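Take a look at the structure below.
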Amino acid sequence: AAQETLSVFVNDRPHPLAAPATLMALMAGIGLSERRGVAAAVNGEVVPRTAWESRALAERDRVLVIRATQGG
């Protein structure tokens with residue numbers, strides 16, 4: 001069977017993901033899973049980093065990735 005893909009939005013840009021997908025898989029895929037100062041919200045709800053592994057993503061979920069900036 002062909003690999004199923006999900007289409008989610010990351011900061012309003014379409015982003016295909018292999019299904020089933022978790023927030024951790026998405027963050028790893030964009031190189032941010034190990035980065036400090038990164039927060040993520042799914043459909044407007046902030047997901048603590050400790051829950052990224054268990055937070056499943058569904059078709060058309062909207063993920064907002066926020067990076068803390070250093071300095072001022």
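The values are calculated or read from the model by the stated rules, or taken from the named source; none is laboratory data. From a predicted model like this one, the values you see are computed outputs, not experimental measurements. Every residue, glycine among them, receives a Cβ derived from its backbone with ideal geometry; neighbour counts consider all protein chains shown. These area figures cover heavy atoms from the full protein model, side chains too; ligands, DNA and RNA do not enter into them. Shrake-Rupley method; radii C 1.70, N 1.55, O 1.52, S 1.80 Å.
At a glance:
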{"read-out": "Alpha carbon convex hull of the chain, projected area averaged over orientations, nm²", "value": "5.3"}
{"read-out": "Estimated inter-spin distance, T5 and I30, nm [label 7 Å along Cα→Cβ]", "value": "1.7"}
{"read-out": "Summed residue charge, Cβ within 13 Å of V38's Cβ, Lys/Arg positive, Asp/Glu negative", "value": "+3"}
{"read-out": "Protection proxy ranking, peptides 34-46, 13-25, average beta carbon neighbours within 10 Å, highest first", "value": "13-25, 34-46"}
{"read-out": "Placed amide H near A19: partners under 5 Å, 5+ positions off or other chain", "value": "E4, T5, L6"}
{"read-out": "R60, R55, ranked by accessible area, largest first (probe 1.4 Å)", "value": "R60, R55"}
{"read-out": "Percentage relative contact order, the chain, counting C-alpha pairs under 8 Å, at least six apart", "value": "38"}
